[in-house]
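The values are calculated or read from the model by the stated rules, or taken from the named source; none is laboratory data. Bear in mind the structure is a predicted one, so any value in this text is a computation, not a measurement. All Cβ positions, glycine included, derive from the backbone under ideal geometry; neighbour counts span all protein chains shown. Ligands, DNA and RNA are excluded from the accessible area calculation, which covers all protein heavy atoms including side chains. Shrake-Rupley method; radii C 1.70, N 1.55, O 1.52, S 1.80 Å.
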Amino acid sequence: MRVTLAAYQDYKDGIRPAGPGAKELTEFFESVDGTVGQPGAPNVKRSEQEVINLLAKRAGMLHLGQANHCWFLDPSKALCLKLSGRNASDATAPLIGMCDSARCPQATHHADHRPVWASSAQNKKVFIATIGRAQNTEKARLAADLARDERVLSEIDAAAGTGA
């Protein structure tokens, strides 16, 4: 709940998530904003507790990865389950260790994930520099992975408005 509330507060502060699931999460936060401002029963006080209540179900679906948040709302959309060949209909949680958050429609990247992606990119740069000419296939594979890491970093920076 704390992480979901922090992501919502970032949204309120103009810091958006990045990643394939960012649009859906932002739309959800917009709907929460629209609901919170609506008048309710005469004796109902609009408060932070109302926001917490609206965010609670989404928070229950959140699975934290080292480099992303997985909002596991629809198992049939989970790339990790598709890649594993597992039947999505009986899944209650993602296979977070198999997550390809740059491609999964339920994954988001936030500013606190930036160090993990930056470290991964830096490590790949070091490895690429040490690969000999005879290992062109490995060099090409790492270069593609590095390009993905750099794309994710750019998306995080753009969404957070940091341009770091």
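Observations on the model:
- Conditions (1) among the aliphatic types (A, V, I, L, M); (2) more than 22 Å from the chain's Cα centre (by Cα); (3) farther than 19 Å from T4 by Cβ; number of the one not met by A118: (2)
- Subset of segment 108-157 [open to solvent by 80 Å² or more (accessible area, probe 1.4 Å) and aliphatic (A, V, I, L, M)]: A129, A134
- Any hit, segment 77-95, residues being without any contact (Cβ under 8 Å) to a residue 60 or more places away in the chain and touching a strand residue (DSSP E or B) at 6+ places or on another chain (Cβ under 6 Å): yes
- Close pairs (8 angstrom Cβ cut-off, 6 or more residues apart or separate chains): within 17 Å of F72 (Cα to Cα) in segment 1-16, open to solvent by 60 Å² or more (accessible area, probe 1.4 Å) and hydrophobic (A, V, I, L, M, F, W, C) anywhere: V3/L64
- Segment 50-75 residues that are under 21 Å from E155 (Cβ atoms), paired with ones that are in a helix (DSSP H, G or I) and open to solvent by 20 Å² or more (accessible area, probe 1.4 Å) (beta carbon under 6 Å, 6 or more apart): H63/I96; G65/I96; Q66/V116; A67/V116
- With respect to the conditions (1) at pLDDT below 95; (2) assigned to a helix (DSSP H, G or I); (3) among the polar types (S, T, N, Q), Q122 falls short on a single one, namely (1).
- Of all residues in segment 11-27, those being within 14 Å of V51 (Cα to Cα) and surrounded by 18 or more Cβ atoms within 10 Å (Cβ to Cβ) number 1.
- Taking helices (runs of 4 or more DSSP H) as the structural unit, those lying wholly within segment 18-107 and holding at least 2 residues that are among the basic types (K, R) and at pLDDT 90 or above correspond to 48-60.
- As a summary of the residue check, I96 satisfies the conditions (1) open to solvent by 60 Å² or more (accessible area, probe 1.4 Å); (2) touching a His at 6+ places or on another chain (Cβ under 7 Å); (3) under 21 Å from Y8 (Cα atoms) except for the one numbered (3).
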